[in-house]
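To start, the structure under review is shown below, and the notes come after it.
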Amino acid sequence: MEPFLAHFGYAAVFAALVVAGVGVPIPEELTQLTAGVLSHEGYFRLRYAIPVIWAGILAGDAILFLLARRHGPRALDSRPARRVLTPERRAALERHFARHAFLTVAVARHTGGLRFAAFALAGATGVRPATFLVADGLSALVSVPLVVGAGYFFAHHLGEARRDVRLAELGILAAVLAAAFVTVRVRRRRARAGTGERPPPRGGPADRGPGPG
């Protein structure tokens, strides 16, 4: 990977990420780490590598999403999707997309084993393109500098860098899930306030014991 990217430059990084996004088995994380290493060694400039990587990731994800949107359920018949998208998992994802599409896309970006299938399902089930692109783009905007930076600062210790990247991604995923939980709670409270509905008070008639006979 490193000699290939060093020889063909930013175009190779962009292309590798685009084809990885549509299902070619090139680890996205490895491409980002390698670009960070090559930036440390002087082949790339970090200020150029990061936006190229972000654009390549977003382009690959967008192509997958649009293909799935065009072909519908047939897009889910591919081997990478069928391998991880069990009926139970698919049903759960469809519920999440229907209720919280933005947050579901943001979370899926950081779940490597499920990302391809989740993004294909997002396209096939009618998630709006603008919602998908904004959620995916913002989520990648957080993770890309961390992954590329790990490759840059740990250029001679890629094993440690990959471990640290995984920990960072888990941290991002936890933060996104926490934000999702808070957002859902706030929306429910606003919806309840808009309809005039109030939670049942404690100690109400349902909580009291039977009255005197």
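At-a-glance table
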{"item": "Some residue of the range 69-81 being assigned to a helix (DSSP H, G or I), among the hydrophobic types (A, V, I, L, M, F, W, C) and closer than 28 Å to Tyr152 by Cβ", "result": "no"}
{"item": "Residues that are of a type outside the set (A, V, I, L, M) and either under 15 Å from Leu146 (Cα atoms) or in contact with a strand residue (DSSP E or B) (Cβ under 6 Å, 6 or more places away or on another chain) (or both), drawn from the range 26-47", "result": "Glu28, Glu29, Thr31, Gln32, Thr34, Gly36, Ser39, His40, Arg47"}
{"item": "Residue tally, condition surrounded by 21 or more Cβ atoms within 10 Å (Cβ to Cβ), more than 12 Å from the chain's Cα centre (by Cα) and not hydrophobic (A, V, I, L, M, F, W, C), over the range 111-145", "result": "1"}
{"item": "Enumeration of residues in the range 22-31 that are open to solvent by 10 Å² or more (accessible area, probe 1.4 Å) and of a type outside the set (Asp, Glu)", "result": "Val22, Gly23, Val24, Pro25, Ile26, Pro27, Leu30"}
{"item": "Conditions (1) in contact with a Phe, Trp or Tyr (Cβ under 9 Å, 6 or more places away or on another chain); (2) without any contact (Cβ under 8 Å) to a residue 60 or more places away in the chain; (3) assigned to a helix (DSSP H, G or I); number of the one not met by Phe44", "result": "(3)"}
{"item": "Options Asp77, Asp61, Asp136: the member that is free of Cβ contacts under 8 Å to residues at least 12 places away in the same chain and closer than 19 Å to Gly21 by Cβ", "result": "Asp77"}
{"item": "Phe153, sole failed condition from (1) open to solvent by 80 Å² or more (accessible area, probe 1.4 Å); (2) modelled with pLDDT of 90 or more", "result": "(2)"}
{"item": "Residue in the range 98-105 that is in contact (Cβ under 8 Å) with a residue 60 or more places away in the chain, in contact with a helix residue (DSSP H, G or I) (Cβ under 8 Å, 6 or more places away or on another chain) and of a type outside the set (Asp, Glu) present", "result": "yes"}
{"item": "Residues being at pLDDT below 90, within 30 Å of Leu121 (Cα to Cα) and part of a helix (DSSP H, G or I) - total across the range 1-27", "result": "0"}
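The values are calculated or read from the model by the stated rules, or taken from the named source; none is laboratory data. Quick caveat: nothing in here was measured; it's all calculated off a predicted structure. Counting neighbours? That spans all protein chains shown, and the Cβs are built from the backbone with ideal geometry, glycine included. Accessible surface is based on the protein model in full, side chains and every heavy atom, while ligands, DNA and RNA are left aside. Shrake-Rupley method; radii C 1.70, N 1.55, O 1.52, S 1.80 Å.
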